[in-house]
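The values are calculated or read from the model by the stated rules, or taken from the named source; none is laboratory data. As the structure is a prediction and not an experimental result, all values here were calculated from the model. Virtual Cβ from ideal backbone geometry, glycine too; neighbours counted across all protein chains shown. Accessible surface is based on the protein model in full, side chains and every heavy atom, while ligands, DNA and RNA are left aside. Shrake-Rupley method; radii C 1.70, N 1.55, O 1.52, S 1.80 Å.
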Amino acid sequence: EIVTLLNRALGETVASHDGRFIRLTSRTAGPNSAIAFEALPPDVDATDAIFGIRPRVAQGTDATRARLVGGVELPDGVDLRGAHQLSLAVDGGAAVEIDARGPKTAAENLSLEDIATAINTALPAAVAGGDGDRLVLTSPTAGAASRIALLPLTATRRRRFVTRAMVTDEAAQTVLGFVRKDAVGAAGSVARVQGTRDLSRGVDLRERILWRVVRTPA
C-alpha cells in the first residue's frame, strides 16, 4: 500500500519492496541523479516509520574509466633493452603486443614520457600517461564496458613434457611492477535509498501520515 501511494504521488515507478524493506530508485544515472528526503514537522513526519532514517539526500555518481596505476616509480627512467614487450587489451578488444621502447630501440635509458608515447602510438586511442613518477593506463571509454587488461606474454614451444611457458623477461614487470592485471570501469550509478524498517507486518501511520520526497527531473 505504501509503495502504491509513493508511486502515485511521484508519478513514476520509483518505489519498490522486497516484502520487508522499501526502496526508492532514481530513474536517471550520474551526478544529476538524486533522491532527497526533506524535513517535516516531527508530529507528521513518516520518514523514520517507513525508512528508519532521518531526512537526507542520496546522490548518484559519474561512470568511471578503467585505470591501471603502475606499482613502480620511474623518476630516472628505465633501461628496456633486455625486456621491452607489453601485451595490452583495451575495452575487450584483441590483445596488442607493443614494443615499449618505440623508435628508441638502442637507448640505454627511456623516460616515462617515452614509454607512454610508444604505447599510445601502437594503439588506436591514447591510454598511457603519467601520474607523478608512475605509468598509468586509462581506458578511453567510461562505464561498465571500460576495461584495461595487461596480459602476460607467452611463447609456445613443442618439446617433450612442455607445451606452454610464460615469458618472464617482459617489460610489464619493469615499468608497472606486475605482469598481469585487469581494471574494469563502473557504470554511472543511480541515486537509491533503501529503508531499514522491516514492514513485513505493516506499519501504523495514523499519527504520522506525511513524507516528502524530492526527485530530480528525468
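A few comments on the model shown:
- Arg65 buried (at least 16 other Cβ atoms within 10 Å of the Cβ), of a type outside the set (S, T, N, Q) and touching a residue at least 12 places away in the same chain (Cβ under 8 Å): yes
- Members of the range 36-61 that are open to solvent by 70 Å² or more (accessible area, probe 1.4 Å) and touching a Lys or Arg at 6+ places or on another chain (Cβ under 6 Å): Glu38
- Residues in the range 19-35 that are in contact with a strand residue (DSSP E or B) (Cβ under 9 Å, 6 or more places away or on another chain), modelled with pLDDT of 85 or more and open to solvent by 20 Å² or more (accessible area, probe 1.4 Å): 3 in all.
- For the range 87-99, the count of residues that are surrounded by fewer than 18 Cβ atoms within 10 Å (Cβ to Cβ) and either over 29 Å from Ala149 (Cβ atoms) or in contact with a His (Cβ under 8 Å, 6 or more places away or on another chain) (or both) is at least one.
- Residues of the range 181-201 that turn out to be out of contact with any Ser or Thr (no Cβ under 6 Å at 6 or more places or on another chain) and more than 30 Å from Glu1 (Cβ to Cβ), as a count: 6
- Exactly one residue out of Thr117, Thr141 is among the polar types (S, T, N, Q) and open to solvent by 60 Å² or more (accessible area, probe 1.4 Å), and it is Thr117.
- Residues satisfying the stated conditions in the range 47-60, i.e. at pLDDT 85 or above and in a loop (DSSP other than H, G, I, E, B): Gly52
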